[in-house]
1. Between a first residue in the range 39-53 that is more than 19 Å from Ala109 (Cβ to Cβ) and a second residue that is surrounded by fewer than 17 Cβ atoms within 10 Å (Cβ to Cβ), which pairs have beta carbons less than 7 Å apart while being 6 or more apart in sequence or on different chains?
2. What are the residue pairs meeting all of these: first residue in the range 111-137, first residue over 27 Å from Ala93 (Cβ atoms), second residue within 11 Å of the ligand (Cβ to nearest atom) and among the hydrophobic types (A, V, I, L, M, F, W, C), Cβ atoms under 7 Å, and 6 or more apart or on different chains?
3. Quick test of your reading of the structure: Arg58 fulfils all but one of (1) among the charged types (D, E, K, R); (2) part of a helix (DSSP H, G or I); (3) farther than 14 Å from His16 by Cα. Name the failing condition by number.
4. Residues to consider are Ile125, Ile174, Ile183; find the one that is in a helix (DSSP H, G or I) and touching a Phe, Trp or Tyr at 6+ places or on another chain (Cβ under 8 Å).
5. Ala173 passes all but one of (1) within 12 Å of the ligand (Cβ to nearest atom); (2) crowded, with 16+ Cβ neighbours inside 10 Å; (3) under 23 Å from Arg33 (Cα atoms); which number fails?
6. Tell me which of these Leu165 doesn't satisfy, since it passes every other one: (1) surrounded by fewer than 18 Cβ atoms within 10 Å (Cβ to Cβ); (2) not in a loop (DSSP other than H, G, I, E, B).
7. Which pairs have Cβ atoms under 6 Å, sit 6 or more apart or on different chains, and link a residue in the range 89-110 that is over 11 Å from Met1 (Cβ atoms) to one that is loosely packed, with under 15 Cβ neighbours inside 10 Å?
8. Does Arg24 count as outside any strand (DSSP E or B), touching a residue at least 40 places away in the same chain (Cβ under 8 Å), more than 9 Å from the ligand (Cβ to nearest atom) and under 30 Å from Leu156 (Cα atoms)?
Amino acid sequence: MIGIFGGTFDPVHYGHLRAAVEARERLGLNHVRLLPAGEPPHRSGTFASAGHRLEMLRAAVEGRTDLKVDDREVRRAGRSYMSDTLTELRAEAGDTALLLMIGQDAANALDSWHDWRRLFELAHIVIMRRPDAVHACSERLAAEIGPRRVQGPEDLRQRPAGYVLPLEVTQLAISSTGIREMIAAGRSPAFLLPDAVIDHIDRSGNYREGVARS
Ligand code: ATP
């Protein structure tokens, strides 16, 4: 099985990293691929450039074998649609199960993603609990998810795509928004994200102005 964890990672923090480590262990994966979005479809702009977000992610996981960075969305021109990414990965993976890992807040809005019904044809979806994000979604999304829900990681090995698995992970109330706000206010984000990422932020000056790039 191949685990994919997409995000803006603006910047990457321990909420992302801890969830990825626990999901890898619980799902029995060799490693999890972290995929930074080049141009996230849901946002008017990011705060750090795609190149910087990629560098911060690489710095965060340097030397680890359980977490790897996949830069395909940054290299691809145009908006980073997960359905395009999964189509590419499916072509590479053959019949191997693909697992798209997302936090509960993102899962609640899955039906706003481009070509969202196709995501279920391309991958299993693993929904990780996140503090302050309750399970709340539209009726059409609930109708899609309900019959696909399975109980444990072993079920995901039965087919390449199409199931939904809720996963408990350690609840860390950390968000990129909170970290950006701290930095813009001149406060320290220490212990919310890896020192190597903080070093990158200090050197680049990212987030000090608190304004998104367009
Ligand atoms: P922002 O505050 O800018 O919206 P974020 O902290 O939500 O950023 P993203 O890069 O947007 O981070 O999130 C990527 C993925 O990681 C999403 O699926 C999101 O739900 C999940 N995620 C982010 N933070 C956590 C956390 N603390 N615990 C579990 N999942 C998380």
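1. Close Cβ pairs satisfying both conditions: Phe47/Ala212; Phe47/Arg213; Ser49/Arg213; His52/Ser204.
2. Pro131/Ala173; Asp132/Ala173
3. It fails just one condition, (3).
4. Result: Ile183 is the single residue among Ile125, Ile174, Ile183 that is in a helix (DSSP H, G or I) and touching a Phe, Trp or Tyr at 6+ places or on another chain (Cβ under 8 Å).
5. Looking at each condition in turn, Ala173 falls short on (2).
6. All conditions are met except number (1).
7. Note: pairs meeting the criteria are Asn108/Ala136.
8. Details: outside any strand (DSSP E or B): yes; touching a residue at least 40 places away in the same chain (Cβ under 8 Å): yes; more than 9 Å from the ligand (Cβ to nearest atom): yes; under 30 Å from Leu156 (Cα atoms): yes.
Judged against the criteria, Arg24 is a match.
FYI, it's all coordinate maths here, none of it is from the lab. Owing to the predicted nature of the structure, the values given are computational and were not obtained by experimental measurement. Backbone-built Cβ (ideal geometry, glycine too); neighbour counts: all protein chains shown.
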